[in-house]
Amino acid sequence: YYGFSNEQLTMQLWCAVETYPMVVLDIAKDEWTDICGTLDETARTGWAFRLSSQGRVSFVCYSNYIRQNIEFSGRMPKYEWVHLAATFDAEARKLAFYLNGEKVGEKNLNGMLDAGVSPLLIGKSKKDVFAGKCLLNTFNGIIDEVKVENTILSSAAIQSVAQTSQVPNLTDRDT
């Protein structure tokens, strides 16, 4: 799988949401789309940072073909940079999810990360959802500095990245 380890990984990115994704037309149902990842729900492999149509954000992965999910309890802010990170450590059997350098969830796992063979997709889910010709389940915003590393960054290192990285300035657009 593209040279990524299934024993230890750190996945991280910066994103700024403009609108929450519309996944199902005319229904107020909370549906999800991937911000970035390799998630393949059919094969039950991969991982992804996800955003819901109601603004919830989570990290999802498969370990021993069992779906694991860590969800942030708040809503993803719009029009501001957010740093997302997740770490997987097979030896410690831990999965952790970070938002802006703060650990927002952690899970104990039994087994390796099922990284799968799907390509890394940025800004959309593997499965397309259409309304006519319009693709619905895409990320509407900016994604920057996507990194997947075969190492486990410490909480302090992730916090440092979230506090010191230089991301483009988001200013009000001219009207």
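Structure above, values below:
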{"item": "Positive-end residue, the chain charge dipole about Cα centroid, Cβ charges, pick of Ile35, Ser165, Cys134", "result": "Cys134"}
{"item": "Per residue, in Å², the accessible surface of the chain once ligands and nucleic acids are set aside, probe 1.4 Å", "result": "52"}
{"item": "Karplus (6.51, -1.76, 1.60) ³J(HN,Hα), θ = phi - 60°, over segment 84-96, in Hz, Gly and Pro reported as x", "result": "10, 8, 9, 10, 10, 10, 5, 5, 7, 6, 10, 10, 10"}
{"item": "Value of D in µm² per second that Stokes-Einstein yields for segment 59-118, Kirkwood Rh from Cα pairs, at 4 °C (1.567 mPa s)", "result": "104"}
{"item": "Neighbour cut-off at most 14 other Cβ (10 Å), DSSP loop, GluC sites (Glu not before Pro), segment 56-138", "result": "Glu80, Glu91"}
{"item": "Prolate/oblate/rounded call for segment 99-172, Cα gyration tensor, a/c under 1.5 rounded", "result": "oblate"}
{"item": "When segment 1-147 is reduced to its Cα atoms, the Kirkwood hydrodynamic radius in Å", "result": "15.3"}
{"item": "Dipole in debye (nearest 20) - segment 24-92, about Cα centre, beta carbon charges: Lys, Arg +1; Asp, Glu -1", "result": "160"}
{"item": "Accessible-area composition of segment 17-175, carbon plus sulfur, in percent [1.4 Å probe]", "result": "48"}
{"item": "For the chain, calculated [θ]222 nm from helices alone, where every DSSP H run of n ≥ 4 adds -39500 (n - 2.57)", "result": "-1500 deg cm²/dmol"}
{"item": "Set of lysines with alpha-carbon distance to Lys107 below 23 Å, sequence-local pairs under 8 removed", "result": "Lys94, Lys147"}
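The values are calculated or read from the model by the stated rules, or taken from the named source; none is laboratory data. Worth saying up front: this structure is predicted, and the values here are computed from it rather than measured. Cβ sites come from the backbone with ideal geometry, for glycine too, and all protein chains shown count toward neighbours. Accessible surface is based on the protein model in full, side chains and every heavy atom, while ligands, DNA and RNA are left aside. Shrake-Rupley method; radii C 1.70, N 1.55, O 1.52, S 1.80 Å.
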